[in-house]
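Colleague: Can you keep this structure in mind? I'll have questions shortly.
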Amino acid sequence: MTLVERLTVMFLKKLMQRPEGRAHFLAQVADAENNDEGQVFAALKERAKSDPELHRLVARHAADEERHAELLNARALATGVPRPQVPDSLKILHRLDEALGGFFRQPIQSDEDVMRMYLLLQVIEERAVTQFPMFKVALAPVDPESARVFEQIEADEERHLKYCQAIARRYAPSEAVHEQTLQHFRKVEWKVFAQNSNRNLKHVLDHGLVPLTLLERAAWRVVSSISTVLDPSRPTAFTQSVRQQQVLAAAL
């Protein structure tokens, strides 16, 4: 586990101590699972009508994400506090869309468009698979039921990742275009995720959602400022070449 990941778990454990903190966290993840990713699936609907196999996979993937959101929203309600509204400023797919020049407004008309959309889904799933183990560690001591929900969802996300890899390759015009697009999307997501993490930290501190002393609060603000300068992007472990990914997928 990297230093940033250790700090993330440390802060999440603090955040989960209060029902208000858990409700914010669970609502935010639920929103990302359905409302945010729902934009991606909506953009695929028209194209999928003419491709029965793609339609089947899109429908199953979308249904899984809707189910995940329902599970997480139920856990947010189980905290006993009102479910908070997630500010648009904290919705990472909104930030990704902006960073990619209004990606979701572009029509999906070609096979390459399908590849691009599924590569974006792939980097989103890569982030989920990276983050969920930390979520489970942070939740387990205070909310083991929510930790178990993330255990269930994580298994689905690992399967979704394989879908994304397979579909993106199927629709790619060439391996070179696939690899170039994937690496570009990853780099954009790494930067947007880092920015959104710092924005979320500020929101949590400003709204008193985490039990910290004034000194601790000041220290976390300093950590956030330093990390923005020293670590302006947050890569995941998914940096293998196309060939390495194919070998890994074949072994699973």
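No value in this document is a laboratory result; all are computed from the given coordinates. Fair warning: this is a prediction, and the values are worked out from it, not measured in the lab. When we count neighbours, we look across all protein chains shown, and the Cβ atoms used for this are built from the backbone with ideal geometry, even at glycine.
Colleague: If you take the charge dipole of the chain about its Cα centre, with +1 on Lys and Arg Cβ and -1 on Asp and Glu Cβ, which of 163, 72, 232 is farthest toward its positive end?
Modeller: Of the listed residues, the answer is 232.
Colleague: Also: If you add up the charges near residue 77, with Lys and Arg at +1 and Asp and Glu at -1, over every other residue whose beta carbon is less than 15 angstrom from its beta carbon, what do you get? Provide the component values of the computation, followed by the final result.
Modeller: Working: positive: 22, 75, 83; negative: 20, 31, 70, 143, 145.
Summing Lys and Arg as +1 and Asp and Glu as -1 gives -2.
Colleague: Could you tally the net charge around residue 236, taking each other residue with its Cβ under 13 Å from the Cβ of residue 236, Lys/Arg +1 and Asp/Glu -1?
Modeller: Taking every other residue near residue 236 into account, the sum is 0.
Colleague: Turning to a different aspect of this structure: How far, in nm, would the chain grow between residue 2 and residue 215 when pulled straight, counting 0.36 nm per residue and subtracting the alpha carbon separation? Display every interim value, and only then the final one.
Modeller: Details: separation 213, 0.36 × 213 = 76.68 nm, distance 2.46 nm.
That works out to 74.2 nm of additional length.
Colleague: For 1, 117, which order do you get if you count the other beta carbons within 10 Å of each Cβ and list the fewest first?
Modeller: Working: 1 11, 117 24.
The fewest-first ordering by Cβ neighbours comes to 1, 117.
Colleague: Which of 81, 29, 123 moves most in a GNM of the chain, Cα contacts under 10 Å?
Modeller: Highest fluctuation of the listed residues: 81.
Colleague: Which value, in debye to the nearest 20, gives the size of the charge dipole of the chain about its Cα centre, when Lys and Arg are +1 and Asp and Glu are -1 at the Cβ? Walk me through the numbers on the way to the answer.
Modeller: Numbers: 33 positive and 34 negative charges, 116 e Å.
It comes to approximately 560 debye.
Colleague: Tilt of helix 3-15 relative to the longest C-alpha principal axis of the chain, in degrees (0 to 90, nearest 10)?
Modeller: 60
Colleague: So which lysines can residue 13 reach, going by Cα to Cα under 22 Å and dropping same-chain residues fewer than 8 places off?
Modeller: Counting by Cα, and skipping residues close in sequence, residue 13 has these lysines nearby: 91, 136, 202.
Colleague: By how many degrees, 0 to 90 and rounded to 10, does the Cα axis of helix 19-31 deviate from the longest principal axis of the chain?
Modeller: 10
Colleague: Working from Cα positions, state the angle (0 to 90°, nearest 10) between the long axis of helix 214-230 and the longest principal axis of the chain.
Modeller: Result, in degrees: 30.
Colleague: Just tell me which lysines come within less than 27 Å, Cα to Cα, of residue 49; anything on the same chain fewer than 8 places away is out.
Modeller: Of all the lysines, those that pass the test against residue 49 - Cα under 27 Å, at least 8 places apart if same chain - are 162.
Colleague: Still on this structure, please answer the following. 222 nm [θ] for the chain, helices only, -39500 (n - 2.57) per DSSP H run of 4+, per residue, to 500? Please list the in-between numbers first.
Modeller: On the way: 10 runs with 188 residues, N = 252.
Dividing the helical sum by the residues of the chain leaves -25500 deg cm²/dmol.
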